[in-house]
Amino acid sequence: MKRIPLHALPDDVLAQLLTWQQEIDGLPDFAARVDVAKTRFDSRSGRSNKTFRQVRAALNDMCSGARRCMYCEDSVADEVEHIKPKNFYPEAVFQWENYLYACGPCNGGKSDKYAVIDAATGAVVPIARVPNTPIQPPPAGDSAFLNPRTEDVEQYFFLDLVDTFYLLANPSASPLMQARTQYTIEVLKLNRESMPQARQEAYESYRDRLEAYIRRRDKGDSAAKLAKRIASLQKAAHPTVWHEMKRLNVQVPELKNLFQEAPEALTW
Ligand SMILES: [Zn+2]
């Protein structure tokens with residue numbers, strides 16, 4: 001998972017979202033805000049809605065590869081996901097910064113799972129709703145779940161490029177960030193089923209692309225042709241794999257050699 005590049009929404013779309021959000025925020029009761037937020041989001045977020053067609057188009061442009069999920073970077077993204085769940089944060093249901101494009105397995109698995117950080121202890125405190133009790137606002141506290149719309153999340157992950165291709169918490173990060181990253185990996189099941197194999201295949205594809213670039217560069221391809229290769233690599237799926245290949249290249253002999261031959265690739 002990497003920070004998602006920002007694409008601006010047209011002003012009229014942002015204004016419409018703001019109006020819809022203010023309608024929710026104006027309701028006096030928290031339970032009513034949750035209820036109305038969910039109903040109105042469901043009725044307005046379809047592809048027939050003019051505003052959400054543009055929201056989806058912007059999210060589409062922000063995905064890697066062929067509209068890959070912004071969480072796992074693997075499956076096709078077709079669901080507008082609320083980073084802060086609408087069941088707990090009705091004040092963010094029509095907030096542009098709270099949206100990303102996610103695949104079914106990530107979005108469905110995450111569902112309402114969310115947690116805050118206890119300010120006194122630094123502990124991750126999952127938010128839970130007790131059935132048959134009044135709907136209450138969630139406890140105060142910073143989010144435990146990493147937010148790829150607003151945080152440079154790639155610095156908190158570590159990808160095992162040598163053996164398992166598991167995504168792990170970066171051991172160099174602070175204990176708090178490691179706990180947040182671990183929580184995020186568990187909620188999204190980022191090492192589920194075929195994910196390690198998909199990352200390994202992405203690794204091999206990036207490596208092969210880099211080898212091909214070096215061959216073509218050394219054969220004298222034009223700058224324009226090489227630029228096309230670079231742009232294509234930068235649009236490929238699993239950008240976290242490429243990020244980690246650059247960051248950890250000295251630890252993997254075949255990568256170390258390739259990046260020594262093409263140090264310019266470290267800036268791609
Ligand atoms: Zn996903």
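The values are calculated or read from the model by the stated rules, or taken from the named source; none is laboratory data. Note that the coordinates shown come from a computational prediction; the quantities given were computed from them, not determined experimentally. Glycine gets a Cβ as well: all are built from the backbone with ideal geometry, and neighbour counts include every protein chain shown.
For segment 58-79, does any single residue satisfy the condition of being of a type outside the set (D, E, K, R), farther than 30 Å from Tyr203 by Cβ, in contact with a Phe, Trp or Tyr (Cβ under 8 Å, 6 or more places away or on another chain) and crowded, with 18+ Cβ neighbours inside 10 Å? No, because not a single residue in segment 58-79 is of a type outside the set (D, E, K, R), farther than 30 Å from Tyr203 by Cβ, in contact with a Phe, Trp or Tyr (Cβ under 8 Å, 6 or more places away or on another chain) and crowded, with 18+ Cβ neighbours inside 10 Å.
Matching residues to (1) farther than 29 Å from His82 by Cα; (2) polar (S, T, N, Q); (3) touching a Phe, Trp or Tyr at 6+ places or on another chain (Cβ under 7 Å):
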position: Phe157; (1), (2), (3): no, no, no
position: Val187; (1), (2), (3): no, no, yes
position: Glu201; (1), (2), (3): yes, no, no
position: Leu210; (1), (2), (3): yes, no, no
position: Ala231; (1), (2), (3): yes, no, no
position: Gln260; (1), (2), (3): yes, yes, no
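In a loop (DSSP other than H, G, I, E, B), modelled with pLDDT of 95 or more and within 16 Å of the ligand (Cβ to nearest atom) - does that describe any residue in segment 128-146? Among the residues of segment 128-146, at least one is in a loop (DSSP other than H, G, I, E, B), modelled with pLDDT of 95 or more and within 16 Å of the ligand (Cβ to nearest atom), which makes the answer yes.
Pairs are defined by a Cβ separation below 7 Å, a sequence spacing of at least 6 or placement on different chains, a first member in segment 65-80 that is under 11 Å from Ala198 (Cβ atoms), and a second member that is assigned to a loop (DSSP other than H, G, I, E, B) and of a type in the set (Asp, Glu); the pairs so defined are Arg68/Asp74.
What do you reckon, is Asn98 in the same structural domain as Leu59 (by TED's automatic domain parsing) and more than 27 Å from Ser174 (Cβ to Cβ)?
Answer is no for this residue.
One residue stands out among those in segment 32-91 that are farther than 28 Å from Thr181 by Cβ and in a loop (DSSP other than H, G, I, E, B): the one that is nearest to the ligand (Cβ to nearest atom), which is Ser45. Within segment 92-115, the set of residues being within 22 Å of Gln16 (Cα to Cα) and away from the ligand (no atom under 16 Å from the Cβ) comprises Ala92, Val93, Phe94, Gln95, Trp96, Glu97, Asn98.
Of everything in segment 1-31 that is among the small types (Gly, Ala, Ser) and assigned to a helix (DSSP H, G or I), the residue that is nearest to Gln182 (Cα to Cα) is Ala31. Quick one: would you say Val187 is surrounded by fewer than 19 Cβ atoms within 10 Å (Cβ to Cβ) and in contact (Cβ under 8 Å) with a residue 60 or more places away in the chain? Here the answer is no, as Val187 does not meet what is asked. Of all the residues in segment 224-248, those that are in contact with a Lys or Arg (Cβ under 8 Å, 6 or more places away or on another chain), touching a residue at least 12 places away in the same chain (Cβ under 8 Å) and in a helix (DSSP H, G or I) number 9. Right, Ala198: within 19 Å of the chain's Cα centre (by Cα) and either under 15 Å from Lys113 (Cα atoms) or of a type outside the set (Phe, Trp, Tyr) (or both) or not? Yes: the conditions hold for Ala198.
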